[in-house]
1. Mind listing the label-point distances from B:D136 to the same position on all other copies, shortest first, one decimal in nm, points 7 Å along Cα→Cβ?
2. For A:189-196, what's the mean count of beta carbons from other chains sitting within 10 Å of each residue's beta carbon?
3. Mind checking the per residue accessible area of chain B for me, 1.4 Å probe, whole number of Å²?
4. Roughly how many whole Å is it from the C-alpha centroid of region A:1-71 to that of region B:186-214?
5. Can you sort A:E43, A:E26 by solvent-accessible area, 1.4 Å probe, largest first?
6. Across the residues of A:101-109, average count of Cβ atoms on other protein chains within 10 Å?
7. How far is A:S283 from the same spot in each other copy, in nm, shortest first, if each label point sits 7 Å from Cα toward Cβ?
8. In region B:215-240, which residues become less accessible by 20 Å² or more once every protein chain is in place, relative to the chain on its own, using a 1.4 Å probe?
There are 2 protein chains.
Amino acid sequence: MQLTKEQLAQFDRDGYLFFPNRFSAEEMRTLTAAVPELYSRREAYNVREKGSDAVRTNFAAHLVSEPFARLARHPRMVQPVMELFGEGVYMHQFKINGKMAFEGDVWQWHQDYGTWLNDDMMPTERAMNVAIFLDDVNEFNGPLMFIPGSHRKGVVEAKHDLTTTSYPLWTVDNDLIAQLVERAGGKDGGIVSPKGPAGSMILFHSCLVHASTSNLSPWNRVAVYLSLCAVSNHIRRFKRPEYIAHRDFTPIELLPDDCLLNPPPVDVPWQDGMPASALQTSSVPIDEIRQAA
Amino acid sequence: MQLTKEQLAQFDRDGYLFFPNRFSAEEMRTLTAAVPELYSRREAYNVREKGSDAVRTNFAAHLVSEPFARLARHPRMVQPVMELFGEGVYMHQFKINGKMAFEGDVWQWHQDYGTWLNDDMMPTERAMNVAIFLDDVNEFNGPLMFIPGSHRKGVVEAKHDLTTTSYPLWTVDNDLIAQLVERAGGKDGGIVSPKGPAGSMILFHSCLVHASTSNLSPWNRVAVYLSLCAVSNHIRRFKRPEYIAHRDFTPIELLPDDCLLNPPPVDVPWQDGMPASALQTSSVPIDEIRQAA
C-alpha cells in the first residue's frame, strides 16, 4: 500500500490529498521539455484562449508524446488511485492546462463528474482527478481552489456555461457555493488551495467542487490534469470526441518507478497525427448500439 | 510622530506600509452600515460592473455620508501621510471599491500616478494612496497585489486600457511587469499582497505598481481607497469630473482619534445630491484659465 490509513481517512473527509514534491525536478524537466512541441501542433486537441494564440488546454498528450505516455503509467500516480478503488483503472481524460502568465483566465466553480455523467454517461463517481504541477504554484498564478468535503454532496445542480470560459463547463450556482464554503468552515478553511513546487501532485475526488482565478502574475502555471476511471465504471456514450473522453478501457499497466529518467519504450499511437476516428462522436449509448447490432 | 524610523525606511524601500487592525471592528461597523444606502443612489458617482448592477466603484462618499466624512479627517489615517510629506494634504480622490463576491473583476497592473499626471496634471508623485479594508481580506477574495520597490522606477510607460476593466485605466506592459517582479525578488517576494481583518490599512506610494485578480469567493472585498495629495502638489487641470478628482485644495483638518465612535458634526455638502458643477470638466490647464482672466 502506498496510502496510509490517515490518508484514506483524509481523502474520505476532505476529498483530496496533496503530495508536495511527488516527482523530482529532474523528472519534471523530461515533461516540460516536451510541452512547446506539443503546443505548436495545429490539432483539435490544442484548445487556445479566447482572442489569443496561447494554449489553454492540450488534450491526450499521453498518446502523442513519449514522456507523457510514461507519466500516464507512472506507479507514483496510478498506484494510489488503484488502491482507493480496489481495481484497475484506465485513462479517461488527459489534459495539460496552460494557465499562462498574464493571460490565464478564470475557471468558474464546477465539479468534473457532472460533465462525465451528463456528456459521457459515466455510471458512478469512481473516477479520480490527478493534478501534477509542471510549474511552481503560488498564490499569485491562479492556483486550484477546493471546497473541502464538497464531494460528499454528490452531483450538484449545474448549468452549462458556454460563455464565461473558453471551454464548455457545467458550473455550480453561487448560492450553493456559499453554502458549501460555509459548511466547510467559512473563512477558516472553507476554501483551500494547495501550493508547492513543480512536481507536486494532488489527487481529488471527481465530485469535489473546484475553481481557479485568473493568472495576472509573470509566472506560467502549467499543470497536467488527468482522470483515472475504475475499469468497471467506464463511460457508456461517445458523445465527446475521443481525444477528450477516451474509449480504451484496458487497465493501465504500470511502468517502473524510474521510468521518467530511465525511459523504457512506450507506445504513442497519435505521434504522427490524430486518426479521423478520434473526432467521431455519437449521442447513442453503447448498449443501444450493441443491442441493435 | 506616528511613524518610526524603521517605517520611514521601509516605505522608502518597498513603497508601502501595512497596518493590520488600524481601526477596530466597532469603528468599521459605523462605515459598513452606511454603504448600502450609498450604493443604492442612482448618481454618476456609482460606477457599476460590466453587465451587472453591482457597484464596482463609489466615488466621493466623504461628501455624501457622515461616517465617511469623518474617516476622511481621521488622524490615524491622515497624520502619517502629513508626516511623510512634511506638509498639509487635501483629498484628491475618495473611492469605495466593491470587489463583490463571485462578481468582482480583475484590475490589471497599473500605477495611479500615471492617471493623475496624464489626466489631472498633478505635478509630482507627492500623493499617497490609502487602502482601508471594510471586509476581511484573504487570498481568495481578490486582494491587492504590489510589486515592492516598483515606485522607485517613477512613472513608467502605460497604455490607456478602455476594454479589460469597467473603468478606464493606464495599464503597464507585461514585459515591464516581469522585469519589475524579477528585480523585486521574483518568486521570493517579487509580488506581495497584504491580508488582514476589516479595519486594516495600507499606505502605498502613488507610483507603486499594483493589480488585483477576480473575486471567485463568496466573500465581498469592499475597501476604501483614497488619495491624499500634498497641498503644494495640487492638480492643475479639471479634465475629469470633480466627483473623481477633487478641486478643493484646503488642507484637511484632523478630527479627534475617537471621531468614529463619538461623532462630532461634520459637513457633507453632497448629501442631498451632487451639484451640476461636479460634472463640469475642462481640458484647459488652470494657469491658462487664470492668465486669460
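The values are calculated or read from the model by the stated rules, or taken from the named source; none is laboratory data. Note that the coordinates shown come from a computational prediction; the quantities given were computed from them, not determined experimentally. For neighbour counting, all protein chains shown are included, and Cβ atoms are generated from backbone atoms with ideal geometry for every residue, glycine included. The protein model used for the area step is the full one, side chains on, heavy atoms only, and it has no ligands, DNA or RNA in it. Shrake-Rupley method; radii C 1.70, N 1.55, O 1.52, S 1.80 Å.
1. Once sorted, the set of distances for B:D136 reads 2.9 nm.
2. Neighbouring Cβ atoms belonging to other protein chains average 2 per residue here.
3. Details: 11740 Å² over 293 residues.
Accessible area per residue: 40 Å².
4. A separation of 31 Å, based on Cα centres.
5. Working: A:E43 55, A:E26 105 Å².
The most accessible residue leads, giving A:E26, A:E43.
6. Going residue by residue through A:101-109 and averaging, the value is 3.
7. The answer, with the shortest distance listed first, is 5.5 nm.
8. B:L216, B:P218, B:W219
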